[in-house]
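In what follows, a structure is listed as structure tokens, so that the remarks can point back to it.
The values are calculated or read from the model by the stated rules, or taken from the named source; none is laboratory data. The structure displayed is predicted, hence computed values, not measured ones. Cβ placement follows ideal geometry from the backbone for every residue including glycine, while neighbour counts extend to all protein chains displayed.
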Amino acid sequence: MSMDQLKRDYKSKDLQFVSIDGSGNVLTTDQQLFPLTKGTSIKDFHPFFESIEIYFEDHDKHFKLECVHINERIFDIDFLINTDNTAVVIFREGTDFYNRVQVIAQKRNESIISQESLELKNLILKEQEEFKNVFIRNFSHELRNPLTLVSSFSSMLLKTELNLDQQMLVEAVKDQSDKLRDILNDIIDLSILKTNSLSLESAPFALDKLLKRIHLNYTTAIASKEIKISLEVGSTVPKNLIGDKRRFEQIITNFLDNALRHGKGEKLQIIIKENQRRANKTSLRIQVNTNKGIIPDLSNVSSLEEYASLDKGDLEKTTGLSFSIARELAQLMDGKIAIKQNEDGGTSQIADIKLTFPLHHTEIEEKPEDKTVNKIKFSEKVRTIIAENNSVTQMTALKVLVGSGNFDTQVFTDPKQLLHAVENEEHDLILMSSSLSHMDAIELMSLIKEFANDHNKKIPIIAVSTKTLPEELTAYRKAGFKDVVKKPYTDDELLNTIYKRLNIKKFK
């Protein structure tokens with residue numbers, strides 16, 4: 001192929017054509033890219049061409065070399081070997097192209113590294129979260145059994161005749177055990193909220209009745225502490241709301257608990273008012289004020305927006321679990337939360353949340369709270385199985401049931417003995433731990449359904465469990481348990497649950 005023909009085929013300003021002989025001597029050349037002189041050797045131009053002779057070993061061949069670096073520039077080089085032992089060397093400038101490719105490749109590699117780094121960080125965080133959740137579950141399990149005994153026994157002791165000193169001591173024990181139980185439940189709640197695994201219910205509830213009940217309960221509970229609690233509800237606040245009643249109440253009670261724990265004043269104020277309303281949606285402000293004490297010292301924070309920019313890690317260390325849980329719940333309700341100092345030296349805990357309300361006013365019937373019925377006496381005793389291999393909770397359940405005078409109990413720690421009993425004897429009730437000799441309660445329930453005689457297949461089986469996560473409670477009910485008593489429990493809580501599930505008329 002002639003030089004002129006090659007130039008017509010390769011039309012570009014970034015090309016240079018050089019004709020050489022078999023020894024690398026330059027025969028002809030243009031000067032498009034760099035100067036080469038006729039009669040000089042291309043080997044002297046650049047060391048890359050030192051072994052040029054190897055391309056002449058195959059005549060009438062076309063060799064392509066890409067991304068060749070010459071004098072800080074990048075070229076694609078073609079060797080066209082002719083039959084007369086000459087060759088045409090074509091230099092094609094590719095510096096800009098390869099630089100762009102390199103940038104793209106570098107960005108791609110950086111993106112891959114960044115993605116892999118992110119995946120690694122996520123994996124580490126996931127493992128850390130899993131470790132934390134396992135620790136919390138184990139911690140919860142280990143603490144709930146002894147706490148069950150303390151809660152139940154202190155409650156039972158308060159119902160006996162005690163002198164004044166004994167009364168004060170037992171009340172102190174019960175008060176602290178109740179606080180421990182609240183802290184334990186707070187830890188579990190916060191763990192659920194942090195993993196975004198909590199979903200809110202949506203049902204109508206009477207807000208005015210709920211607020212009055214909260215006010216009454218706290219006023220009664222702290223009557224001996226000489227702290228006054230006032231309740232103020234704005235005139236535009238809807239009487240009924242649609243949402244998660246329990247979680248709404250928890251925000252208020254957590255504010256109150258936090259104020260009682262950290263505040264130093266003698267007055268607490270609960271204020272509920274409406275910020276704004278659109279259609280059937282309302283923005284409500286929940287505010288709990290103390291007249292003395294900072295929770296924590298946020299004197300420079302005057303708005304929800306300023307609060308949002310704070311380091312929440314440091315804030316949680318100061319405010320404790322109650323406020324942290326209230327904040328997470330408020331966020332679930334599309335809201336914000338803040339703490340600010342008041343001019344009187346006190347503190348306001350504030351939550352702005354959004355809820356819906358019924359367009360038409362209807363009276364909402366609320367179920368009355370369970371009242372203790374542990375004073376009731378049966379004419380015949382309830383034949384009860386306690387399936388529990390923890391000695392502490394065995395003794396707790398036995399004391400509670402025997403103390404009521406209404407139960408004839410048997411304790412089983414071996415699943416085989418339990419199955420033999422439900423197959424060959426008649427009973428009226430089974431209280432079953434979350435596991436029995438390493439056998440899970442749900443697995444054991446399926447065996448009871450299979451082996452129990454016709455009478456025992458109809459009796460209520462109640463789980464008494466350290467497992468308190470929502471999905472775990474749901475699994476119990478799906479498995480056929482009539483109810484779940486969560487450890488730690490008091491004597492009243494255990495008896496109320498049993499009496500609710502028993503056919504009491506049978507034993508009167």
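Miscellaneous remarks
- Taken over the range 416-432, the residue count meeting the criterion of being out of contact with any Lys or Arg (no Cβ under 9 Å at 6 or more places or on another chain) and touching a residue at least 12 places away in the same chain (Cβ under 8 Å) is 8.
- Matching residues, the range 4-29, being within 18 Å of LYS61 (Cα to Cα), surrounded by 16 or more Cβ atoms within 10 Å (Cβ to Cβ) and modelled with pLDDT under 85: LEU6
- Residues in the range 147-172 that are surrounded by fewer than 16 Cβ atoms within 10 Å (Cβ to Cβ) and either in a helix (DSSP H, G or I) or within 19 Å of the chain's Cα centre (by Cα) (or both): LEU164, ASP165, GLN166, GLN167, MET168, LEU169, GLU171, ALA172.
- Just one of the listed residues (ALA463, ALA452, ALA475) is over 27 Å from the mean Cα position of the chain (by Cα), small (Gly, Ala, Ser) and farther than 19 Å from ASP178 by Cα, and it is ALA452.
- Filter pass, ILE251 being assigned to a helix (DSSP H, G or I), touching a helix residue (DSSP H, G or I) at 6+ places or on another chain (Cβ under 6 Å) and not assigned by TED's automatic domain parsing to the domain that holds LEU469: yes
- Of all residues in the range 333-353, those that are farther than 17 Å from ILE272 by Cβ have Cβ atoms under 6 Å from Cβ atoms of residues that are at pLDDT 80 or above and in a loop (DSSP other than H, G, I, E, B), 6 or more apart or on another chain, in ASP344/ASN291; GLY346/ASN291.
- All of SER437, SER379 fail the test of being under 37 Å from the mean Cα position of the chain (by Cα) and either over 16 Å from ALA463 (Cα atoms) or surrounded by fewer than 21 Cβ atoms within 10 Å (Cβ to Cβ) (or both), apart from SER437.
- Residues that are touching an Asp or Glu at 6+ places or on another chain (Cβ under 7 Å) and in contact (Cβ under 8 Å) with a residue 60 or more places away in the chain, drawn from the range 211-243: LYS239
- Of all residues in the range 45-79, those satisfying the criterion of being outside any strand (DSSP E or B) and closer than 16 Å to TYR98 by Cα are ASN71, GLU72.
- Of all the listed residues (LEU431, LEU419, LEU444), the sole one being under 33 Å from the mean Cα position of the chain (by Cα), farther than 27 Å from PHE153 by Cβ and either in a loop (DSSP other than H, G, I, E, B) or at pLDDT 90 or above (or both) is LEU444.
- Pairs, first exposed (fewer than 11 other Cβ atoms within 10 Å of the Cβ) in the range 52-66, second assigned to a loop (DSSP other than H, G, I, E, B), C-beta under 9 Å, six or more apart: ASP60/ASN82; ASP60/THR83
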